[in-house]
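The values are calculated or read from the model by the stated rules, or taken from the named source; none is laboratory data. From a predicted model like this one, the values you see are computed outputs, not experimental measurements. Positions of Cβ are backbone-derived with ideal geometry, glycine not excepted, and every protein chain shown enters the neighbour counts. In case anyone asks, the SASA skips ligands and DNA or RNA and just uses the protein heavy atoms, side chains included. Shrake-Rupley method; radii C 1.70, N 1.55, O 1.52, S 1.80 Å.
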Amino acid sequence: MYLTLRNTSFVKRSFRYYRRTNLPSLPCSWVHTSPVHMEKADQSPTPSSVFTAAATTPTTATATATSPAKKKSKKNTTTKKHIELLSDERLQYIIDRLVLSPPVKTIEAERLELITNIDSHYVPSRTGIISHYKYEEIYNSLDKGYRVDQLKDYLKAKEKPTKGIKADLLTRIIKGCWSLTSQENVLQTIEKKEAMKKKLKIPASHEELFFIIGNNGATLKKIEKKHNVSIVIDTYESHYVLEGLQEHIQEAEKEIHAYLSILREDIDVLELKDDMARNDLAIGAKRMLSDISKMSDTYIYIENNKFRLAALTQEALENGKRHISLAMTEMGFTNKKPLTTSDHTLLHYSTRSNANETVKNSDSMANTYSMIPMHDTVSMPLSSKSLGWSRILQASSTKVIASSKSCANQFYILSDTSKTEPRTISFSGVRDILQQTLQSDHTKHNISVEAIFGHLLIRNPLLASSRLNILKPSLTDAFNANDFQKLINDRYYQRRVFLPSHPPSNFTAPLIPIQMNEKFHRRVIQAHYVSDSLLATLGHTSVNHNTPETLQRLSVDFMEQENGSLEVKKVIGEHKRTVVDTVCVAGHIDARILAKQYTLFTREPETVPQGYIHQPLSSAMEEMLYQCKLTAYSELSCPTHWSQEESIGSGMTLVNVSFRNEKLHCLENSLVTMSHVEEQEGHTQYKELKVTHVGEKAAENAYLPIQNGIDSWDTLTKSIIHLAERWTYQ
């Protein structure tokens, strides 16, 4: 019996439809009635297998629909294998499946295939911008390859709007779904935006422009990015221009006006030392005040013999006044002694004669010097960057004598006020100068002595045009000690700066490194305070209630913990200090010798080494230390001012905060510390090599300087000379 279907065209259409779905065709062996194949026939057939069976069954209907060519082909390929037909029940099941089974999965497959085909036209682009030719190629291929309903199905699958004509749909796919655009479209968009932009010119004072710009333009960039506008500052015409869309300009202008809530204060310029100080202030004030303004976030200028300050907060206003006081003191404009100046200056000379020989009788050709310009804005303090400087270099003929073993290390004692010829002194005689200046009993205070290597800088003369003179020193020819004494007697050249210097390569290689807490390097955060009595006052006269026990300086050393907290390592309060600058030690390098009377302050007295004078931390110190917080890797937040006592005149002002990466070395009984220093406020960086005498029990005493450093001066002298002789650049 053969399968007979009246609606043969229905079977053909169904067969063609399922063939387009690319579903796998099962073998039609299940149509056989042999015992082996009947088992397969009893299984539920898939739609594809059903149509395969229907198509391959030699029915009358299919035979009439088959072309002669196909008949011939089938005839040639027909095997002699016996084929048996399906049962009536099986045929009825196939008919029911053909009529009743909805092609749900097939429609989903067609939709996925459509999405895949359209996505195949996408061109990857990192910026989303392609050439105009490539854009047209994609557009035309989509236009010619797909109908409107197919494009809408794709947009619907991507959850995009489907309204519009075909051109809108194509543009929505390329730009909306794929985020692609042509270079020509980008240019057209820019031109349209430029045509829509407006400009608004707003007058503003210099102080308002200062705050709009912010720290290195940070505020200006923030406003530009937030409101999508461009801000152009014109300091000469005192205005700024907002450029952008009208609504963006209005929003930016509104925020700027709300931001400029400025506090102002005027302070009388304090009484200066002399006319030269007045002239120096007039010349150097512009650059100095510009640096202070950036550092303190306070706009500062001089007008009508007044300091005019403007800031957004009271804290910034007080910070600006602090920086002015420090700068006026350090630059020597007032009767206050600069904080970093020395008390004595010694100039090294070499001789094989007696130590008591005066300069007049010494060999002038064997002790000559010269000056070479030196300027380093990275390592120089703020008060020195606006001036030119030079250092002293010993003549090569003098160095030959200095390197001789029979040479005695002698120094000329130079004075800022003496009109006589300089006296001479040996290196061991420096101890008498330190002892005489300090006049201290070591039973009441600790006395430490340390030496820092670097260069003593002498100020360059002013040029006729009052421009910054960096290259021309005060003495251009070779000179001797008498010439140098006459130079520093001049009021203009009395201001000098000591700048630490980077040692030669592998300088510390022969030294023995010291391990601290199982580490060879340590990071120390140091805050340094000075008494208000040492600083120039602004607008009023200070009241000095200092006593011998009142602290002149306070130095706090912190150690950073792994969790970011701070541990107070050492608190040293200075009562008095003296500084001696020795120039051309061993003919190579300068050294600053610092001796100070100090007291150790501690929370745990039992941890202080035996013999050292110490006191417990006062309540004012504890409060100050509690407020010190590490806010960033190189930023310490600490009080800028605090008082030692309830009385007036005992205030302490923050001078600087430095971050010191240190490595300790041992040289006999001396401690050599190599430090890379970064100062927080001045943003200066420099290398520093310091040597102190720590004695034989250095490890037991936590490597503190010995309790009375003046008594061990001869031992420290040997270390200083040894290091100075090795200070050669080759």
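Laid out as a table, the results:
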item	result
Pairs with Cβ under 8 Å, 6+ apart, first in segment 605-628 and closer than 13 Å to residue 571 by Cα, second open to solvent by less than 30 Å² (accessible area, probe 1.4 Å) and in a helix (DSSP H, G or I)	617/625
Where residue 135 falls short, out of the listed (1) aromatic (Phe, Trp, Tyr); (2) surrounded by 12 or more Cβ atoms within 10 Å (Cβ to Cβ); (3) out of contact with any strand residue (DSSP E or B) (no Cβ under 8 Å at 6 or more places or on another chain)	(3)
Strands (runs of 3 or more DSSP E) completely within segment 638-730 that count 2 or more residues being touching a Lys or Arg at 6+ places or on another chain (Cβ under 7 Å)	651-667, 670-679
Residue match in segment 204-224 (condition: crowded, with 16+ Cβ neighbours inside 10 Å and among the basic types (Lys, Arg))	no
Only listed residue being touching a strand residue (DSSP E or B) at 6+ places or on another chain (Cβ under 8 Å) and closer than 25 Å to residue 684 by Cβ, chosen from 277, 252, 285	285
Residue list for segment 447-469, restricted to those being at pLDDT 90 or above and either more than 32 Å from the chain's Cα centre (by Cα) or over 23 Å from residue 727 (Cβ atoms) (or both)	447, 448, 449, 450, 458, 459, 460
Residue list for segment 623-667, restricted to those being over 31 Å from the mean Cα position of the chain (by Cα) and either over 25 Å from residue 688 (Cβ atoms) or open to solvent by less than 20 Å² (accessible area, probe 1.4 Å) (or both)	643, 644, 645, 646, 647, 648, 649, 650, 651
In segment 547-582, residue modelled with the lowest pLDDT [restricted to those that are outside any strand (DSSP E or B) and surrounded by 17 or more Cβ atoms within 10 Å (Cβ to Cβ)]	550
The lone exception for residue 237 - which of (1) in a helix (DSSP H, G or I); (2) within 37 Å of the chain's Cα centre (by Cα) it fails	(1)
Per-region count, segment 486-511, residues β-branched (Val, Ile, Thr) and either open to solvent by 50 Å² or more (accessible area, probe 1.4 Å) or in contact with a Pro (Cβ under 8 Å, 6 or more places away or on another chain) (or both)	1
Selection count, segment 254-303, where residues are assigned to a strand (DSSP E or B), in contact with a Gly (Cβ under 9 Å, 6 or more places away or on another chain) and either over 22 Å from residue 315 (Cβ atoms) or among the polar types (S, T, N, Q) (or both)	1
Members of segment 481-534 that are on the phi < 0 side of the Ramachandran plot, part of a loop (DSSP other than H, G, I, E, B) and out of contact with any strand residue (DSSP E or B) (no Cβ under 7 Å at 6 or more places or on another chain)	490, 494, 504, 505, 507, 509, 510, 515
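Matching residues to (1) surrounded by 13 or more Cβ atoms within 10 Å (Cβ to Cβ); (2) at pLDDT below 90:
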| site | (1), (2) |
| --- | --- |
| 249 | yes, no |
| 254 | no, no |
| 262 | yes, no |
| 265 | yes, no |
| 268 | no, yes |
| 275 | no, yes |
| 280 | yes, yes |
| 288 | yes, yes |
| 291 | yes, yes |
